[in-house]
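This structure is in structure tokens; I'll ask about it shortly.
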Amino acid sequence: MTVSGTLNSAGPDPIGYMDAAARTSVGADYKRRLVEALAVEPGHTALDLGCGPGTDLDRLADAVGPTGRVLGVDPDPAMLAEARRRLTARPTVRLCHGDGHALPLADGSVERAKVDRVLQHLAAPGRAVAELRRVVRPGGLFGMAEPDWDTLAVSHPDVAFSRTFARFVAGQVRNPTIGRQLVRLVVDCGARVRSVTPVAVAFADFDEGDQILGLRRNVARAIEAGVLARAAAERWLADLAAGPFLAGFTFYLVIAESV
């Protein structure tokens, strides 16, 4: 195994990555649990902040029924264009360009809202949580699903090397510990925490782990940054690929009530 032959620091196609993550057993399970915990009812207006290519909009549209409405907000025109393409047969879904720090919606205009793996990337996640509270009517619910990258662990005999890799990965994310911060952000904005569910995300297949965690990609970046030595990184990856493989982290689902 050589770095030049197997490693590339370029990021994946964003839409393809989102689709792949949603198709994993863990991804499908937590997304289902998040929407179920929101108790979306027919006739509700439901918001998906950071809707991306529309991954979860079908599920929300099913839940609100023909008398409800789903609002998908995203700052990326390419994501919105793909969502429009996928949801042309969903007349109850409306898509609009918007920033999570200042949602283009009136106070108390929705009954339910969700944000999924978006707060980890925002400059001011607390402001986005406060915006969710603002647009959700009193008594309504909003749900958040975010990882805690500081809990990432990769099983390998060289524990110190694996820890160095995990710390590097966490450092690539703007808000790597956002999962554990959700409860505090809910309380800070004046909402009420309804439930907290930690989800253990684990991958026992190297290829799936590489696809979602970006093992090769992040190793290449760590080598470029001088954090990992090339030869040691190649041996580490070769060992992981040969198996047995196990890697994982903790994901948090938090449901809050707007008051």
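Can you tell me which residue in the stretch 48-78 is nearest to residue 94 (Cα to Cα), limited to those that are among the charged types (D, E, K, R) and part of a loop (DSSP other than H, G, I, E, B)?
The qualifying residue nearest to residue 94 (Cα to Cα) is 56.
For every residue, the table says whether it meets (1) among the charged types (D, E, K, R); (2) under 19 Å from residue 240 (Cβ atoms); (3) in contact with a Lys or Arg (Cβ under 9 Å, 6 or more places away or on another chain).
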| site | (1), (2), (3) |
| --- | --- |
| 137 | yes, no, no |
| 143 | no, no, yes |
| 158 | yes, yes, yes |
| 175 | no, no, no |
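Could you look through the stretch 145-156, keep only residues that are surrounded by fewer than 23 Cβ atoms within 10 Å (Cβ to Cβ) and among the small types (Gly, Ala, Ser), and pick out the one that is nearest to residue 244 (Cα to Cα)?
So the residue we want is 155.
Quick one: residue 78 ticks every box in (1) surrounded by fewer than 16 Cβ atoms within 10 Å (Cβ to Cβ); (2) farther than 21 Å from residue 119 by Cα bar one, so which box is it?
Residue 78 satisfies all of (1) surrounded by fewer than 16 Cβ atoms within 10 Å (Cβ to Cβ); (2) farther than 21 Å from residue 119 by Cα except (2).
Of all residues in the stretch 118-133, which are in contact with a Leu (Cβ under 9 Å, 6 or more places away or on another chain) and within 16 Å of residue 76 (Cα to Cα)?
Of everything in the stretch 118-133, those that are in contact with a Leu (Cβ under 9 Å, 6 or more places away or on another chain) and within 16 Å of residue 76 (Cα to Cα) turn out to be 118, 119.
Let me ask something else. Taking the condition of a type outside the set (Val, Ile, Thr), out of contact with any Asp or Glu (no Cβ under 9 Å at 6 or more places or on another chain) and either modelled with pLDDT under 95 or surrounded by 18 or more Cβ atoms within 10 Å (Cβ to Cβ) (or both), does residue 162 pass?
Yes; evaluated as a whole, the condition is true for this residue.
Let me ask something else about it. Of the residues that sit in the stretch 173-201 and are outside any strand (DSSP E or B) and in contact with a Gly (Cβ under 9 Å, 6 or more places away or on another chain), which one is surrounded by the most Cβ atoms within 10 Å (Cβ to Cβ)?
185
Of all residues in the stretch 11-56 being in contact with a Lys or Arg (Cβ under 8 Å, 6 or more places away or on another chain) and acidic (Asp, Glu), which is nearest to residue 118 (Cα to Cα)?
Within the stretch 11-56, the match that is nearest to residue 118 (Cα to Cα) is 48.
Kindly check whether there is at least one residue in the stretch 24-39 that is without any contact (Cβ under 8 Å) to a residue 24 or more places away in the chain, within 30 Å of residue 218 (Cα to Cα) and of a type in the set (A, V, I, L, M, F, W, C).
Yes.
Does residue 230 count as in contact (Cβ under 8 Å) with a residue 60 or more places away in the chain and touching an Asp or Glu at 6+ places or on another chain (Cβ under 6 Å)?
no
Scan the stretch 4-17 and give yes if some residue there is in contact with a strand residue (DSSP E or B) (Cβ under 9 Å, 6 or more places away or on another chain) and either at pLDDT below 95 or surrounded by 15 or more Cβ atoms within 10 Å (Cβ to Cβ) (or both), otherwise no.
No, the stretch 4-17 contains no residue that is in contact with a strand residue (DSSP E or B) (Cβ under 9 Å, 6 or more places away or on another chain) and either at pLDDT below 95 or surrounded by 15 or more Cβ atoms within 10 Å (Cβ to Cβ) (or both).
Out of 232, 256, report the one residue that is touching a Phe, Trp or Tyr at 6+ places or on another chain (Cβ under 8 Å), assigned to a helix (DSSP H, G or I) and of a type in the set (A, V, I, L, M).
None of the other options fit; the residue is 232.
Would you please name the residue that is farthest from the chain's Cα centre (by Cα), looking only at residues in the stretch 207-238 that are closer than 19 Å to residue 157 by Cβ and surrounded by fewer than 16 Cβ atoms within 10 Å (Cβ to Cβ)?
Top of the filtered list is 231.
Going by what's in this entry, would residue 69 be described as in contact with a Lys or Arg (Cβ under 7 Å, 6 or more places away or on another chain) and either buried (at least 21 other Cβ atoms within 10 Å of the Cβ) or farther than 23 Å from residue 121 by Cβ (or both)?
Against the criterion (in contact with a Lys or Arg (Cβ under 7 Å, 6 or more places away or on another chain) and either buried (at least 21 other Cβ atoms within 10 Å of the Cβ) or farther than 23 Å from residue 121 by Cβ (or both)), residue 69 qualifies.
The values are calculated or read from the model by the stated rules, or taken from the named source; none is laboratory data. Fair warning: this is a prediction, and the values are worked out from it, not measured in the lab. All Cβ positions, glycine included, derive from the backbone under ideal geometry; neighbour counts span all protein chains shown.
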